[in-house]
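Enquirer: Would you mind keeping the following structure in view while I ask a few things?
The values are calculated or read from the model by the stated rules, or taken from the named source; none is laboratory data. Please read these numbers as outputs of a predicted model, since none were measured by experiment. Note that each Cβ is placed from the backbone with ideal geometry, even for glycine, and that neighbours are counted across all protein chains shown. What goes into the accessible areas is simple: the full protein's heavy atoms, side chains included, and nothing from ligands, DNA or RNA. Shrake-Rupley method; radii C 1.70, N 1.55, O 1.52, S 1.80 Å.
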Amino acid sequence: MKPDRIYVVGVGMTRFGLYPERSIKDLIREAVEACLKDAGAGPKDVDAIYYANMGQAVLEGQTATPGQIALRPLGFEGIPIANVENGCASGSTALYSAWLQLKAGEGDVALAVGAEKLSADTGDKRDALFTGGLDVYDRAGVIRALESVAAGGPEAPPVNGHRSVFMDVYGYWIRGHMRDFGTTQAQLAAISSKNHGHSMLNPYCQFQRPFTIEEVLAGRPLSYPLTVPMCAPYSDGAAAALLCTADGVRKLGAEAIAVPIEALVLCSSVDRDPMDWDRHIGRIAADIAYRKAGVTPDDIDLAEMHDATAFGELVHSENLSLVPRGEGGRAAENGETRLGGKIPINVSGGLESRGHPLGATGLAQIHELVTQLRGRAGPRQVPDARYAIVENSGGLYGIEEASAVVGILSAPNQA
């Protein structure tokens, strides 16, 4: 084992859904205990914890030290516990922080945990949680910037009905992509249909039902061209990942299951021309990750992407250079990104059907990739998976996501 590498040795998660009867502490307990069991570890083995959550302060009033309060009853005491908020990228940022802790030599075992309970409020507080993902000091400027992205694209007809403000954000992005590359609503429906089909193979998914392309297109309209089945739902859930140095892996006797993290990159947004898609934060983070991992997009066997809407998968499949710029919709339409295709994406079902408990999402993606790279994904297994890439992003600054994390993982026991 390479001593400078960090490894994922345990993963655990709850099934995502809406659980008004369960506390966030209960969800965290389930995910953490599953993660430790998977790694053959106990609380006393853990040197540090990073806890990701976006909305608990707003929705439940837990304004300080939520990680300590949730994790102390599980037997963690005396060690560093830090709380992480980074929009929808909170879970992957907790992973990044735990990875850095071990890279710095401050311990051999670190735990990343993410959780969210959006059913804690279904009204104004939940709406405020999402609108707070934009610059609250300059809402008019935010809208002007987004309008510049979509300028010259298709007109968006007015729609009624409740939706997160981020569905409007995605609508602007999509209409700009339609203008520049000819992307169609039917191609977005193909992505959604694919991911809902994958959900039938994943017991952790909030929704497990297939949708035809026609059913997706017939869904309730949101911000054009989105319909409800193209978008992630509100969700509750928790997920966790246990990371180790090479020494930590040996201490736990986890050599056979240790999944190497070949690269992990956290970037913040950049100023760019709305039509300069190749300076997107996702492309910048991916290019750095490929360089650090010493692999190319051709080496990647599967990917998990932040598809808060179907367009998230489309644009990030291009940002990660898994398909050429402007070809994301056509690749999905042609079946290239489904299980059994050229580059399977979101075989887990993605956020669209697995669900999106904000702080847990990035770690649920890691759960899927670790399961795949160990060859334990059952009917949704990607054959002979050796390298996998993950992208998780969140918030908004300027015309793109405020934060993005891209990571590359490899199968156990690779040279």
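Enquirer: Take the conditions polar (S, T, N, Q) and touching a residue at least 24 places away in the same chain (Cβ under 8 Å) and apply them to residue 381. Does it pass?
Expert: On the way: polar (S, T, N, Q): yes; touching a residue at least 24 places away in the same chain (Cβ under 8 Å): no.
In short, no.
Enquirer: Taking interchain pairs and intrachain pairs at least six residues apart, which have beta carbon atoms under 7 angstrom, with the first residue in region 222-239 and free of Cβ contacts under 8 Å to residues at least 60 places away in the same chain and the second surrounded by fewer than 24 Cβ atoms within 10 Å (Cβ to Cβ) and assigned to a loop (DSSP other than H, G, I, E, B)?
Expert: The qualifying pairs are 227/219; 227/220; 228/219; 228/220; 228/222.
Enquirer: Separate question: Might you let me know whether region 142-151 holds any residue that is aliphatic (A, V, I, L, M) and surrounded by fewer than 15 Cβ atoms within 10 Å (Cβ to Cβ)?
Expert: The initial filter retains those residues of region 142-151 that are aliphatic (A, V, I, L, M), namely 142-143, 145-146, 149-151.
Subsequent filtering for residues that are surrounded by fewer than 15 Cβ atoms within 10 Å (Cβ to Cβ) retains 143, 151.
For region 142-151, residues aliphatic (A, V, I, L, M) and surrounded by fewer than 15 Cβ atoms within 10 Å (Cβ to Cβ): present.
Enquirer: Here's a follow-up. With assigned to a loop (DSSP other than H, G, I, E, B) and among the β-branched types (Val, Ile, Thr) as the only criterion, which of 406, 382, 390 stands out?
Expert: Values: 406 fails: assigned to a loop (DSSP other than H, G, I, E, B); 390 fails: assigned to a loop (DSSP other than H, G, I, E, B).
When all the criteria are applied, what remains is 382.
Rundown of residues vs (1) surrounded by 18 or more Cβ atoms within 10 Å (Cβ to Cβ); (2) at pLDDT below 95; (3) in a helix (DSSP H, G or I), yes/no style:
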site	(1), (2), (3)
10	yes, no, no
36	yes, no, yes
63	no, no, no
67	yes, no, yes
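Enquirer: Which ones in region 173-216 are crowded, with 17+ Cβ neighbours inside 10 Å and of a type in the set (Val, Ile, Thr)?
Expert: Across region 173-216, the qualifying residues are 174, 183, 191, 213, 216.
Enquirer: Considering (1) at pLDDT 95 or above; (2) open to solvent by less than 20 Å² (accessible area, probe 1.4 Å); (3) under 28 Å from residue 20 (Cβ atoms); (4) of a type outside the set (Gly, Ala, Ser), say which one residue 129 fails and leave the rest.
Expert: (1)
Enquirer: Just one of (1) open to solvent by 30 Å² or more (accessible area, probe 1.4 Å); (2) over 22 Å from the mean Cα position of the chain (by Cα) trips up residue 46, so point out which.
Expert: Among (1) open to solvent by 30 Å² or more (accessible area, probe 1.4 Å); (2) over 22 Å from the mean Cα position of the chain (by Cα), residue 46 violates only (1).
Enquirer: From the list 285, 263, 254, pick out the single residue that is open to solvent by less than 10 Å² (accessible area, probe 1.4 Å) and part of a helix (DSSP H, G or I).
Expert: Details: 263 fails: part of a helix (DSSP H, G or I); 254 fails: part of a helix (DSSP H, G or I).
After ruling out the rest, the residue left standing is 285.
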